[in-house]
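Only one structure is covered here, and it is reproduced in the block below.
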Amino acid sequence: MAQRLLAGVLALAAVFIAPQPAAAHPFGDPQTVAVSADAEVVHVRWKAGGLDDLTLLGVALGVLPQDRVMLDGAVFYRDADAAAIGPSPQFAGYLLRQITVTAAGKRCAGTVQPPADLARTGTTVDFACPAPIGTATIAVRTLTDLNPAYQTLATGPDGQRTVYRQGADTHEWTLGTAAAGGNLGRSAALQVGAVVGTLLVLAAMGFFLVRRRLKPTTRET
């Protein structure tokens with residue numbers, strides 16, 4: 001009897017102590033995208049919301065074994081999953097299919113940079129465009145093919161923000177030369193205004209001095 005009781009206690013303890021699988025779902029931390037531009041290149045940094053999402057993606061791409069995802073959706077993830085997924089050609093191809101950039105009506109060619117730490121910092125896709133970038137239309141469809149409820153929080157220059165989701169997977173961003181041109185235009189306008197204002201002040205002062213010199217003096221008699 002004592003041995004059976006001890007065995008039951010040990011079995012119950014194993015249930016609570018053993019690591020439990022995580023259910024990969026779109027309602028945890030959201031995936032993120034950071035958009036920037038440099039001359040004719042648009043940089044899109046993508047990061048998954050959690051390791052379980054990376055594992056689910058790795059299984060879907062055939063990089064990880066199918067038995068890592070249970071029939072009920074529970075995902076057994078490991079820290080090594082990100083290291084296996086990051087350099088795989090399947091992952092690079094997936095990002096290039098699910099993230100696209102169009103500028104001046106032309107598709108920009110993408111290149112996936114090797115991630116240093118996919119789990120913590122994500123990875124960057126560089127899109128080379130045929131001309132200096134003013135505005136760019138960027139589409140993000142990552143993970144929505146696995147579950148349409150996934151969303152992506154995206155940020156860009158000058159506080160631009162949007163949320164990508166199924167049915168709203170494209171957004172136009174103001175980047176590079178357009179933003180710089182606007183700043184240069186405002187700066188030039190301010191400089192011209194300052195110069196004109198200074199000239200008007202100098203002209204008024206000159207007119208006052210000339211009138212003062214030409215004004216006849218009167219003497220008391």
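The values are calculated or read from the model by the stated rules, or taken from the named source; none is laboratory data. Small disclaimer: the values here were computed from a predicted structure and weren't measured. Please note: Cβ atoms are built from the backbone with ideal geometry, for glycine as well, and neighbour counts cover all protein chains shown. Please note that ligands, DNA and RNA were not included when accessible areas were found on the heavy atoms of the full protein model with its side chains. Shrake-Rupley method; radii C 1.70, N 1.55, O 1.52, S 1.80 Å.
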Residue 49 being touching a Lys or Arg at 6+ places or on another chain (Cβ under 6 Å), under 26 Å from residue 162 (Cβ atoms) and either surrounded by 19 or more Cβ atoms within 10 Å (Cβ to Cβ) or not hydrophobic (A, V, I, L, M, F, W, C) (or both): no
Does residue 92 satisfy the criteria of being more than 23 Å from residue 174 (Cα to Cα), modelled with pLDDT of 95 or more and aliphatic (A, V, I, L, M)? yes
For segment 98-108, how many residues are part of a loop (DSSP other than H, G, I, E, B) and touching a strand residue (DSSP E or B) at 6+ places or on another chain (Cβ under 8 Å)? 1
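For (1) hydrophobic (A, V, I, L, M, F, W, C); (2) surrounded by 15 or more Cβ atoms within 10 Å (Cβ to Cβ); (3) in contact with an Asp or Glu (Cβ under 9 Å, 6 or more places away or on another chain); (4) assigned to a loop (DSSP other than H, G, I, E, B), each residue gets a yes or a no:
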site: 110; (1), (2), (3), (4): no, yes, yes, no
site: 119; (1), (2), (3), (4): yes, yes, yes, no
site: 127; (1), (2), (3), (4): yes, yes, no, no
site: 138; (1), (2), (3), (4): yes, yes, yes, no
site: 146; (1), (2), (3), (4): yes, yes, yes, yes
site: 149; (1), (2), (3), (4): yes, no, no, yes
site: 154; (1), (2), (3), (4): yes, yes, no, no
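Residue-wise test of (1) open to solvent by 30 Å² or more (accessible area, probe 1.4 Å); (2) in a helix (DSSP H, G or I); (3) in contact (Cβ under 8 Å) with a residue 12 or more places away in the chain.
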residue: 29; (1), (2), (3): yes, no, yes
residue: 58; (1), (2), (3): no, yes, yes
residue: 78; (1), (2), (3): yes, no, yes
residue: 91; (1), (2), (3): no, yes, yes
residue: 96; (1), (2), (3): yes, yes, yes
Can you tell me which residues in segment 60-84 are of a type in the set (Val, Ile, Thr) and at pLDDT below 95? 69, 75
With criteria (1) within 20 Å of residue 53 (Cβ to Cβ); (2) open to solvent by 80 Å² or more (accessible area, probe 1.4 Å); (3) touching a residue at least 60 places away in the same chain (Cβ under 8 Å), residue 132 comes up short on (1)
